[in-house]
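In what follows, a single structure is set out as structure tokens and then discussed.
The values are calculated or read from the model by the stated rules, or taken from the named source; none is laboratory data. All of these numbers come straight from a predicted model, not from anything done at the bench. Positions of Cβ are generated from backbone atoms using ideal geometry, with glycine treated the same way; all protein chains shown enter the neighbour counts.
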Amino acid sequence: MSSDMFKSIVDRLHQAEKIVFVTGAGISQESGIPTFRGKDGLWRKYDAMKLATIDAFYEDPKLVWEWYEERRRNVLEAKPNAGHLAIAELEKFKSVYVLTQNVDGLHQRAGSTKVYELHGSIITIRCTRCNFKDSITSSFSHLPPACKCGSILRPDVVWFGESLPQDVWHTSMQQAISCDVMIVVGTSLAVSPANLLPAYAKQNGAIVIEINPEETLTSTNMDLSIRSSAARAIPELVAAFQR
């Protein structure tokens with residue numbers, strides 16, 4: 001990134017009243033959480049994409065839960081990285097909102113207070129029948145776990161073919177439409193409807209910045225692109241902003 005581009009982005013941050021971050025798996029990968037599409041370790045012989053559907057869950061709930069229990073343990077052992085912490089730090093000076101496709105809760109643990117989880121939370125568990133919902137960090141002694149009502153419990157995440165939580169999506173659209181700067185971090189925005197958020201931001205004349213080590217399919221739609229990791233680029237921007 002050239003010094004002129006860096007200065008331009010920092011100037012935009014100073015001028016902005018509202019900054020929205022749209023984050024994906026790339027920022028959490030730097031905390032040791034594998035990307036969703038990774039096929040490593042115990043699950044190399046399974047297609048992770050096929051485990052994230054309601055049909056797969058009802059076909060073999062124990063298998064799906066075994067996979068999610070491994071992911072939950074990984075998430076709970078992970079710690080927010082410098083990118084998460086820098087976003088939280090910026091909130092001390094600006095109105096900052098985080099619209100995340102991640103289900104790991106690392107933004108909240110880093111200190112961000114305005115976080116909207118588009119795809120739910122892997123820590124929250126809900127019943128497939130009744131209204132039970134709770135954040136559970138302990139492991140289950142029996143899989144699949146059962147609710148007090150007798151039905152199966154499931155992770156409170158959005159699976160393929162399911163709609164996003166409408167209240168979360170509506171609020172996310174409003175934040176995108178009303179921001180001055182949108183920073184898209186660690187995501188190719190390949191999944192709908194999250195891929196619409198930059199367009200909503202541009203409707204209001206916002207500048208849209210991408211932070212990703214690699215070029216993505218949406219890079220051409222960005223106003224500026226930073227080819228760097230979140231854990232490196234965001235702290236550098238926030239540090240420069242504070243000077």
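All told, residue 68 falls short of being of a type in the set (Phe, Trp, Tyr), surrounded by fewer than 16 Cβ atoms within 10 Å (Cβ to Cβ) and assigned to a helix (DSSP H, G or I).
Just one of the numbered conditions (1) touching a strand residue (DSSP E or B) at 6+ places or on another chain (Cβ under 8 Å); (2) crowded, with 20+ Cβ neighbours inside 10 Å is not true of residue 126: (2). Of the residues in segment 193-204, not one is of a type in the set (Lys, Arg) and within 20 Å of residue 110 (Cβ to Cβ). Please verify whether residue 152 is within 26 Å of residue 62 (Cα to Cα), of a type in the set (A, V, I, L, M) and either in the same structural domain as residue 55 (by TED's automatic domain parsing) or surrounded by 15 or more Cβ atoms within 10 Å (Cβ to Cβ) (or both), treating the condition exactly as stated. Spelling it out, residue 152 is indeed within 26 Å of residue 62 (Cα to Cα), of a type in the set (A, V, I, L, M) and either in the same structural domain as residue 55 (by TED's automatic domain parsing) or surrounded by 15 or more Cβ atoms within 10 Å (Cβ to Cβ) (or both).
Residues being touching an Asp or Glu at 6+ places or on another chain (Cβ under 7 Å), surrounded by 11 or more Cβ atoms within 10 Å (Cβ to Cβ) and without any contact (Cβ under 8 Å) to a residue 60 or more places away in the chain are represented in segment 129-147 by at least one member.
Conditions tested, residue by residue: (1) within 17 Å of residue 179 (Cβ to Cβ); (2) more than 11 Å from the chain's Cα centre (by Cα); (3) basic (Lys, Arg).
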| site | (1), (2), (3) |
| --- | --- |
| 79 | no, yes, yes |
| 82 | no, yes, no |
| 85 | no, yes, no |
| 93 | yes, yes, no |
| 123 | no, yes, no |
| 129 | no, yes, yes |
| 137 | no, yes, no |
| 141 | no, yes, no |
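Determine whether segment 53-70 contains at least one residue that is without any contact (Cβ under 8 Å) to a residue 40 or more places away in the chain, in contact with a Ser or Thr (Cβ under 8 Å, 6 or more places away or on another chain) and either of a type outside the set (A, V, I, L, M) or in the same structural domain as residue 151 (by TED's automatic domain parsing) (or both). No; the residues of segment 53-70 include none that is without any contact (Cβ under 8 Å) to a residue 40 or more places away in the chain, in contact with a Ser or Thr (Cβ under 8 Å, 6 or more places away or on another chain) and either of a type outside the set (A, V, I, L, M) or in the same structural domain as residue 151 (by TED's automatic domain parsing) (or both). The residue of segment 188-214 that is surrounded by the fewest Cβ atoms within 10 Å (Cβ to Cβ), among those that are within 14 Å of the chain's Cα centre (by Cα) and under 13 Å from residue 176 (Cβ atoms), is 193.
Taken over segment 212-232, residues that are touching a residue at least 40 places away in the same chain (Cβ under 8 Å) and under 15 Å from residue 2 (Cβ atoms) amount to 4.
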